[in-house]
Amino acid sequence: MNLHTLTPAKGSTHSHKRKGRGTGSGKGGTSTRGHKGAQSRSGYSAKRGFEGGQMPLQRRLPKFGFKNPFRVEYNGVNLDTIQALAETKKLSTIDIKTLVENGLVGKKDLVKILGRGEVKAKLDIKAHAFSATAKAAIEAKGGTTTVIETKTAAPATK
């Protein structure tokens, strides 16, 4: 076998259609574009979603949903995760900086402490928000919960 003897497998390649080369070619005259109309003209391109005059899909389907521009997105951290962190690092105070250093949240995230799990020791926790069950569980063990104020713009009014 040599490079000059290599050929594609039978049936794997197709010959190119030579359009507009006279009536004898079978592809002359209208050059496979049919008679008249926009699609037969040069420069034609269909609009995206155009279905030949039929009501297009994006107009047949109903509009739905709502995005609240004032929604505050918190990154949740559960009590069992905080307890595990406190045990491994032997911490009594946990703040945002500690959570960021240990890879639990990003440095720009707003943090909310959630109530899954339990706290076994007295912990002082600083976060942007606390769920009611988390706050009760922390304070039941003698710990403190401190809410960090966020710097957010006042909502726009009409």
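The values are calculated or read from the model by the stated rules, or taken from the named source; none is laboratory data. Fair warning: this is a prediction, and the values are worked out from it, not measured in the lab. Every residue, glycine among them, receives a Cβ derived from its backbone with ideal geometry; neighbour counts consider all protein chains shown.
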State yes or no: is Gly49 touching a Pro at 6+ places or on another chain (Cβ under 9 Å), exposed (fewer than 10 other Cβ atoms within 10 Å of the Cβ) and of a type outside the set (A, V, I, L, M)? yes
Any residue in the range 12-31 that's of a type outside the set (Lys, Arg): show its pairings with residues that are not in a loop (DSSP other than H, G, I, E, B) at Cβ separation under 7 Å, as long as the two are six or more apart or on different chains. Gly29/Thr23; Thr30/Ser40
Can you confirm whether the range 119-135 contains a residue that is of a type in the set (Asp, Glu), in contact with a strand residue (DSSP E or B) (Cβ under 6 Å, 6 or more places away or on another chain) and either within 30 Å of Arg18 (Cβ to Cβ) or part of a strand (DSSP E or B) (or both)? yes
Would a scan of the range 72-81 turn up a residue that is surrounded by 10 or more Cβ atoms within 10 Å (Cβ to Cβ) and small (Gly, Ala, Ser)? yes
Within the group Gly106, Gly142, which residue is in contact with a strand residue (DSSP E or B) (Cβ under 8 Å, 6 or more places away or on another chain), in a loop (DSSP other than H, G, I, E, B) and surrounded by fewer than 17 Cβ atoms within 10 Å (Cβ to Cβ)? Gly106
Quick one: which residue in Thr93, Thr150, Thr145 is among the hydroxyl-bearing types (Ser, Thr, Tyr) and in contact with a Phe, Trp or Tyr (Cβ under 8 Å, 6 or more places away or on another chain)? Thr145
Looking only at residues in the range 1-47 that are hydrophobic (A, V, I, L, M, F, W, C) and outside any loop (DSSP other than H, G, I, E, B), which one is modelled with the lowest pLDDT? Ala38
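Yes or no, residue by residue, for (1) under 28 Å from the mean Cα position of the chain (by Cα); (2) free of Cβ contacts under 8 Å to residues at least 40 places away in the same chain; (3) exposed (fewer than 12 other Cβ atoms within 10 Å of the Cβ):
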site: Gln39; (1), (2), (3): no, yes, yes
site: Gln54; (1), (2), (3): no, yes, yes
site: Gln58; (1), (2), (3): yes, yes, yes
site: Glu87; (1), (2), (3): no, yes, yes
site: Thr93; (1), (2), (3): no, yes, no
